[in-house]
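Trainee: Dropping the structure in here first, questions after.
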Amino acid sequence: MPGPLPPEVEKILISQQALARRVKQLAAQISRDYQGLRPLLIAPLKGAFVFLADLIRHLKVPVEVDFVRLASYGASTQSSGQVRITKDLETSPAGRHLLIVEDIVDTGVTLGYLIDALRQRSPASLKVCALLDKPQRRRRQVGLEYLGFTIPDQFVVGYGLDFGEKYRELPFVGILRREG
Ligand code: IMP
């Protein structure tokens, strides 16, 4: 049983049960599409690690996993548009079937940058699996081949997503109360 809602969390947007159900469906879809292949799953740190961990345990195809870390300059809840890689892949992506496993797409700038960087490295294919999509603030169009949930333009935490490194451990996705 999850504990009480932290006071900073206004309400639960996606319950633990709904997340589990949707992650299983995404895993089934990915397993079908990648039959006979061994995709390299690439998760940007840190937010995507919970989703990735749950997702891979439902896959029916063998996978490899690697991580990148992207930093964007500017305020903590808003992407400024300037992105760089601060931790690169440890596996060569050339000739591999790459699947980016992302926690949330907001403006699309971060993901767009990662897609561009990976495309330059001659993968066999490149697709994206995102748990959450906030399309309202999109500045860069990105294709999401696998998508968990489309959500309104509100700041969410939990299930790996943080605000100032807090709330990642919450088993649900909740809306953060914004003061001011
Ligand atoms: P984008 O470049 O604007 O698409 O931002 C994507 C990144 O911003 C995500 O990978 C998250 O790290 C962060 N982010 C955007 N919206 C949220 C949110 O609602 N909660 C937590 N992190 C968010």
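Trainee: I need the strands (runs of 3 or more DSSP E) fully contained in region 33-142, keeping only those with at least 3 residues that are over 23 Å from Ala20 (Cα atoms) and either open to solvent by 50 Å² or more (accessible area, probe 1.4 Å) or free of Cβ contacts under 8 Å to residues at least 12 places away in the same chain (or both).
Mentor: Once the strands (runs of 3 or more DSSP E) in region 33-142 are filtered for at least 3 residues that are over 23 Å from Ala20 (Cα atoms) and either open to solvent by 50 Å² or more (accessible area, probe 1.4 Å) or free of Cβ contacts under 8 Å to residues at least 12 places away in the same chain (or both), what remains is 83-87.
Trainee: Conditions first: (1) assigned to a loop (DSSP other than H, G, I, E, B); (2) modelled with pLDDT of 95 or more. Ala20 passes all but one, so which condition is the exception?
Mentor: (1)
Trainee: When you scan region 147-156, do you find a residue that is within 9 Å of the ligand (Cβ to nearest atom), open to solvent by less than 20 Å² (accessible area, probe 1.4 Å) and not hydroxyl-bearing (Ser, Thr, Tyr), even just one?
Mentor: yes
Residue-by-condition table, conditions (1) under 16 Å from the mean Cα position of the chain (by Cα); (2) small (Gly, Ala, Ser):
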site: Ala53; (1), (2): yes, yes
site: Leu59; (1), (2): no, no
site: Asp116; (1), (2): no, no
site: Leu131; (1), (2): yes, no
site: Pro135; (1), (2): yes, no
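The values are calculated or read from the model by the stated rules, or taken from the named source; none is laboratory data. Because the structure is predicted, anything quoted here is derived from the model rather than measured. All Cβ positions, glycine included, derive from the backbone under ideal geometry; neighbour counts span all protein chains shown. Calculation scope for accessible area: heavy atoms of the full protein, side chains included, ligands and nucleic acids excluded. Shrake-Rupley method; radii C 1.70, N 1.55, O 1.52, S 1.80 Å.
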